[in-house]
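Comments concern the structure below.
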Amino acid sequence: MAEQNRLKEEDAQAQLQKFFAAIPREIPLVLFCEPGKNEPFAEGARQIIRAIREITDKVSLREYTLDHALAKEWGISRSPTLVFAPENFKIRWLGAPLGHEVQTFMEALRIIGRQEPDLGKEAIKVLAKLDSPRAIKVFVSPSCPYCPQAAINGIRAAVARPDLISLELIDIQANPDLAEQYAAQSVPQTFANETQIGLGAQPEELFVASLAALEPQRVFIPDSDAEEIVCDLVIVGGGPAGLTAGIYAARSGLQAVVVEKGVLGGQVATTPMVENYPGFTQVGGKTLVDIMVTHALEYVKIFPGEEVQTITPGEVFTVTTTRRRYKTRAVLLATGAGYKRLGAPGEERLAGRGISYCSTCDGPLFTGKKVLMVGGGDSAVTEALHLHNIGVGVTMVHRRESLRAQERLLVSLRESGIPVLFNSEVVEILGEARVEAVRLKNNRTGEESTLPVDGVFIAIGYSPAVELARSLGAELTPDGYIKKDERHRTTVPGVYSAGDVEGGFKQIVTAAGHGSEAALAIFEDLINPYWTNQKKR
């Protein structure tokens, strides 16, 4: 084991040396700290920078206290604050690159060291048209797997237009007062010129469009000269089903691509701990996703941050995304399922202001506070236990008289002492700028009561992402999932489905199995298209 660990460390060091060898310019960093203020974050920043400086001399570091002249000149008042290449860019990190934000930090060094934003042509065109300053604030958390995408969008924009764009990455754990001030109780959140322009991770085109308009944008239409990719199979969705399908399709000899609009791994990426995936007694959801993605990349090209806008059927399908067009012989919809909304008054208005669907992302902000967990299944109990373990005062509420979670989770719940309000429903979420209380109704007695809380976490299931299937005219089941046969064929020839979007058991291993089945079926069908045989009859 010791020898294996040594070899892994040597391999990691070699990879980092290769990473920095490809960076042509020095990256000066300036760290401002005040003794006794946020010391764990300050020390965390020092340690990661020291570790990098042992590998490369391309990163330099100066450290000052908050009473230094430069701190006053640059308007820096928070400890720690990390400033990147101040002679060239206006990029600051209020906090430290810990957890998932190590990814953000390394990408920042690469982009700044190369002084190339690595943005797509369409995004560059939007930023080129800016004619007034944009001060960006991105609220992030080390525990949030969605945050690096939002933070890196900001970094790329600040490097692309240093004349007009400044950026502050704000760690909500190091700066809870700022999170409170901006009511940023869900991460990532992006502000520009004090206006919220993004809630959650955004594809880069939607980010720059929102930045230009100073309001959230939902659709980005690329120019007609968008790049085109020709392939055998487009897999829409980068969760376990889509990633597994990509591996099996490529191993069968198909040229396949995976297109994912959000975070690779889907719901798994935000699961605190997975205990039922074969081969792992316990594994963090994000860790499992990283393993899957690394494996898939050995076989298939993955295009994250691209949202499919239209799929046009024909002998050859045209799939249009926010980035480019794809010409393909078949399409696999592995679009999964999104968080189901509660539908109570106040939920939409207070989204991101105390209402959350991800305890991993937003839980640390509520440490020492009281929250409500709505739901009664495995996800609700798992997330309630996670919140309890990080010091959040959590109460569960469930509309039935018993929970539907696995017995092992129920045992842990009982041992934790987390209270459960049975036969109760949230009928309204109360608060002005943020969540302040909920109004509950007892289903048996009809009695209503008000419970003061600082946040509401909702885990009541998922709604299948069937918009693309519906736009193609594919039939759905009575429950709203994609209707398919035993070979994962939808009712539209050449279009297949896999994973949670089909309904059934919503398990990681099940989705992966469906992905492999669908890929093998597609391979056989492309050799001998069943729709051609049907026409002959």
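Brief remarks on what is shown
- In loop segments of region 432-477 as defined by DSSP, the trypsin sites (Lys or Arg not before Pro) with at most 10 further C-beta atoms inside 10 Å of their C-beta are Arg444.
- Shape category assigned to region 355-458 from the gyration tensor of Cα positions, a/c cut at 1.5: oblate
- Kirkwood Rh, Cα atoms: Rg over Rh of region 8-213: 0.95
- Whole-Å distance, taken between Cα centres, linking region 56-70 and region 370-387: 43 Å
- Stretching Asp177 away from Gln309 to a fully extended chain increases their span by 43.7 nm, per 0.36 nm per residue minus the current alpha-carbon distance.
- Near the amide H of Lys369, within less than 5 Å, lie the amide hydrogens of Gly393, all on another chain or at least 5 residues away, with H placed in the peptide plane.
- From phi via Karplus (6.51, -1.76, 1.60), per-residue ³J(HN,Hα) for region 342-350 in Hz, x at Gly/Pro: 6, x, 7, x, x, 5, 5, 5, 9
- Taking every alpha-carbon pair under 8 Å whose residues sit at least 6 apart, the chain reaches a relative contact order of 11 percent.
- Region 31-129 shape via C-alpha gyration tensor axes, a/c threshold 1.5: prolate
- Electrostatic dipole magnitude of the chain [Cβ: Lys, Arg +1; Asp, Glu -1; Cα centre; debye, to 20]: 700 debye
- Amide H within-cut-off set for Glu347, under 5 Å, with H built and near neighbours excluded: Ile429
- In this structure, the amide hydrogen of Tyr496, modeled 1.01 Å from its nitrogen in the peptide plane, lies closer than 5 angstrom to those of Val331, Leu332, Leu333, Thr490, counting only residues at least 5 positions away or on a different chain.
- Taking the charge dipole of the chain about its Cα centre, with +1 at Lys and Arg Cβ atoms and -1 at Asp and Glu Cβ atoms, the residue from Ala108, Ala71, Gln267 reaching farthest to the positive side is Gln267.
- Among the helices of the chain, those built from whole DSSP H runs whose Cα atoms reach 15 Å or more along their own axis and whose mean Kyte-Doolittle hydropathy is at least -1.0 are 39-53, 101-114, 147-160, 240-251, 285-297, 378-389, 508-527.
- For the peptides 301-308, 35-42, residues were scored by their other Cβ atoms within 10 Å and the scores averaged per peptide; the highest-first order is 301-308, 35-42.
- What the phi angles of region 331-339 give under the Karplus curve with 6.51, -1.76 and 1.60, with θ = phi - 60°, is a coupling list of 10, 10, 8, 10, 7, x, 9, x, 4 Hz, glycine and proline written as x.
- Whether region 399-527 is rounded, prolate or oblate, judged on the alpha carbon gyration tensor where a/c under 1.5 counts as rounded: prolate
- Net lengthening on full extension, Glu447/Glu467 (0.36 nm per residue, minus Cα-Cα): 3.3 nm
- Orphan Cys of the chain, criterion: no other Cys C-beta under 4.7 Å: Cys33, Cys231
- Peptides 369-379, 111-121 ranked from most to least packed, by the mean per-residue count of other Cβ atoms within 10 Å: 369-379, 111-121.
- Sparsely packed GluC sites (Glu not before Pro) within region 240-300, loop by DSSP, other Cβ within 10 Å at most 16: Glu275, Glu298
The numbers here are math on the coordinates, done by the rules we state, and not lab data. Predicted model, so just to flag it, every value in this text is computed and none were measured. Counting neighbours? That spans all protein chains shown, and the Cβs are built from the backbone with ideal geometry, glycine included.
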